[in-house]
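Peer 1: Following this message is one structure expressed as structure tokens.
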């Protein structure tokens with residue numbers, strides 16, 4: 001979970017790069033399906049309440065099936081993004097490839113990229129969908145976005161090495177928010193001209209990224225003195241149980257837990 005702000009007095013741009021649903025599960029057993037989907041629906045409702053602007057799609061988000069994720073999108077005001085998760089028959093994207101938004105008066109393009117073909121391995125409806133290679137889709141989407149946005153952000157669930165390859169090949173990317181497998185929360189760093197950030201798994205860390213954006217559209221290197229270049233500062237905030245709770249989100253979580261318990265009771269677990 002990452003929030004980006006250009007100026008403190010303006011609203012945050014709240015983004016999530018994927019892997020949000022089903023915790024560590026990439027496959028739901030028959031006995032877990034109802035309770036797992038109830039929990040996932042509760043997470044989606046909470047993200048809607050927190051006004052998450054866009055979410056990437058990773059393997060864990062598909063444990064309940066692509067059709068289930070489509071259902072969540074229809075039920076909630078959430079923008080799940082993936083330019084390369086497509087229908088097998090038509091090769092048309094299942095979800096929007098990207099969206100335009102704004103923060104601090106800056107037009108921002110947010111793009112979604114789902115990590116390789118193995119992403120679908122455990123999805124119960126995997127035969128109906130395909131994950132295309134990023135090389136087949138990203139150049140055209142970037143071309144469209146660059147003509148409209150001052151800042152281009154990529155939400156990617158590819159592994160770290162692939163994300164760095166992507167940034168090196170496409171200097172038009174300004175920020176890459178990742179949810180690659182096995183990576184822990186890490187302080188943002190520059191690579192290939194893009195700023196990389198990841199907050200780790202299971203929503204246990206909030207990443208807060210504050211940006212000073214300039215017409216140069218390029219990041220200043222660490223300790224650089226050129227004031228015309230773009231700069232950032234970041235905080236990684238552990239979401240500990242001692243932090244104050246949001247009452248509305250707490251109520252959503254409670255309802256999700258009740259639905260999950262009711263499902264287990266019906267099955268006699």
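The values are calculated or read from the model by the stated rules, or taken from the named source; none is laboratory data. Predicted model, so just to flag it, every value in this text is computed and none were measured. In this analysis, Cβ positions are derived from the backbone assuming ideal geometry, glycine residues included, and neighbour counts consider all displayed protein chains.
Peer 1: Suppose we keep only residues that are surrounded by 13 or more Cβ atoms within 10 Å (Cβ to Cβ) and modelled with pLDDT under 80 within region 206-233. Which one would you say is farthest from residue 48 (Cα to Cα)?
Peer 2: 207
Peer 1: Return the residues of region 185-197 that are modelled with pLDDT under 90, touching a strand residue (DSSP E or B) at 6+ places or on another chain (Cβ under 6 Å) and within 20 Å of residue 109 (Cβ to Cβ); say none if nothing qualifies.
Peer 2: 188, 197
Peer 1: Could you check region 119-142 and list, in sequence order, the residues that are more than 18 Å from the chain's Cα centre (by Cα) and under 24 Å from residue 33 (Cβ atoms)?
Peer 2: If the condition is that a residue be more than 18 Å from the chain's Cα centre (by Cα) and under 24 Å from residue 33 (Cβ atoms), then 121, 122, 123, 124, 125, 126, 127, 128, 129, 130 are the ones that fit.
Peer 1: Out of the residues in region 73-87 that are surrounded by fewer than 22 Cβ atoms within 10 Å (Cβ to Cβ) and within 25 Å of residue 178 (Cβ to Cβ), state the one that is modelled with the highest pLDDT.
Peer 2: Applying the first criterion (surrounded by fewer than 22 Cβ atoms within 10 Å (Cβ to Cβ)) to region 73-87 yields 73-79, 86-87.
If we keep only those that are within 25 Å of residue 178 (Cβ to Cβ) too, we end up with 73, 76-79, 86.
On the way: 73: 92, 76: 89, 77: 87, 78: 91, 79: 95, 86: 98.
It comes out as 86.
Peer 1: Only one of these is modelled with pLDDT under 95, within 12 Å of the chain's Cα centre (by Cα), farther than 25 Å from residue 107 by Cβ and in a loop (DSSP other than H, G, I, E, B): 182, 200. Name it.
Peer 2: 200
Peer 1: Please go through region 123-137 and give me each residue that is assigned to a loop (DSSP other than H, G, I, E, B) and surrounded by 17 or more Cβ atoms within 10 Å (Cβ to Cβ), ordered by number.
Peer 2: Passing the criteria: 123, 132.
Rundown of residues vs (1) in contact (Cβ under 8 Å) with a residue 60 or more places away in the chain; (2) in a helix (DSSP H, G or I); (3) buried (at least 17 other Cβ atoms within 10 Å of the Cβ); (4) out of contact with any strand residue (DSSP E or B) (no Cβ under 8 Å at 6 or more places or on another chain), yes/no style:
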site: 139; (1), (2), (3), (4): no, yes, no, yes
site: 143; (1), (2), (3), (4): no, yes, no, yes
site: 158; (1), (2), (3), (4): no, no, yes, no
site: 161; (1), (2), (3), (4): no, yes, no, yes
site: 167; (1), (2), (3), (4): no, yes, yes, no
site: 177; (1), (2), (3), (4): yes, no, yes, no
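Peer 1: Further, regarding this structure: Go over the candidates 147, 115, 105 one by one and state the one that is surrounded by 16 or more Cβ atoms within 10 Å (Cβ to Cβ) and either under 28 Å from residue 232 (Cβ atoms) or under 19 Å from the mean Cα position of the chain (by Cα) (or both).
Peer 2: Residue meeting the stated conditions: 115.
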